[in-house]
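K.L.:
One structure is given below, represented as structure tokens, and several questions about it will come after.
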Amino acid sequence: MQDPQVKDILRRCHGIQLEAKKAGSLEMAQLPLEGIDFLWPSSEVPVSYIEEKYGPGVKKSAAVGYSPMIVATWEPVFRILEKNGLIKVKQDMYILDLRRFLPLTLEQKNGKNSPEGRSYIQ
């Protein structure tokens, strides 16, 4: 958004005068919309808040990207998740399968009482 060539092309070819300002998503939701043509929040939560707050003043909204969620845990917990197929490796990153993990969490599943010790989730 700060590239001079991009700004020049937008101005010359599309009549857009770009003035980008950095703000956190929830901070954006608190801004007065006067003089602002668009906001680029990181997720649907602030988008929903902005739509609720300004109603008909919001002409269009779309999710164009998402911030990654970081999950931190201890090594023994990581190994249990891994042994149960809840963690996959992709491009040097560990990916937690939330579609499989969340139901287990909601059911309060754990490895405390399993015959294999704490290696498997019941």
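K.L.:
Mind sorting 74, 40 by how few other Cβ atoms lie within 10 Å of their own Cβ, fewest first? The partial results should precede the final answer.
P.N.:
Details: 74 8, 40 12.
With the sparsest Cβ surroundings first, the list reads 74, 40.
K.L.:
Ok, one more. Which whole-Hz couplings ³J(HN,Hα) result when phi for each residue of the range 75-83 is put into the Karplus expression 6.51 cos²θ - 1.76 cosθ + 1.60, θ = phi - 60°, listed in order with x for Gly and Pro?
P.N.:
3, x, 5, 4, 5, 5, 4, 5, 4
K.L.:
Express the relative contact order of the range 4-57 as a whole percentage, based on alpha carbon pairs under 8 Å and six or more residues apart in sequence.
P.N.:
On the way: 23 pairs, mean separation 13.8, N = 54.
In percent, rounded to a whole number, it is 26.
K.L.:
Out of the range 6-57, which trypsin sites (Lys or Arg not before Pro) are coil in DSSP terms and have no more than 13 other C-beta atoms within 10 Å? Don't skip to the answer; put the middle values down first.
P.N.:
Values: sites: 7, 11, 12, 21, 22, 53; in loops: 21, 22.
Sites meeting the loop and neighbour criteria: 21, 22.
K.L.:
Using the count of nearby Cβ atoms within 10 Å as a rough guide to exposure, how do 105, 73 rank from fewest to most?
P.N.:
On the way: 105 10, 73 13.
Ascending number of Cβ neighbours within 10 Å: 105, 73.
K.L.:
Would you kindly give the portion of the calculated P(r) for the range 4-57 that falls above 13 Å, as a percent of all Cα pairs? Could you put the intermediate results ahead of the total?
P.N.:
Working: 901 of 1431 pairs.
Distances greater than 13 Å cover 63 percent of the Cα pairs.
Just so you know, all these numbers are worked out from the coordinates, no wet-lab data involved. Nothing here was measured: the structure is a model prediction, and the numbers come from that model. FYI the Cβ positions are ideal-geometry reconstructions off the backbone, even for glycines, and counts take in every protein chain you see.
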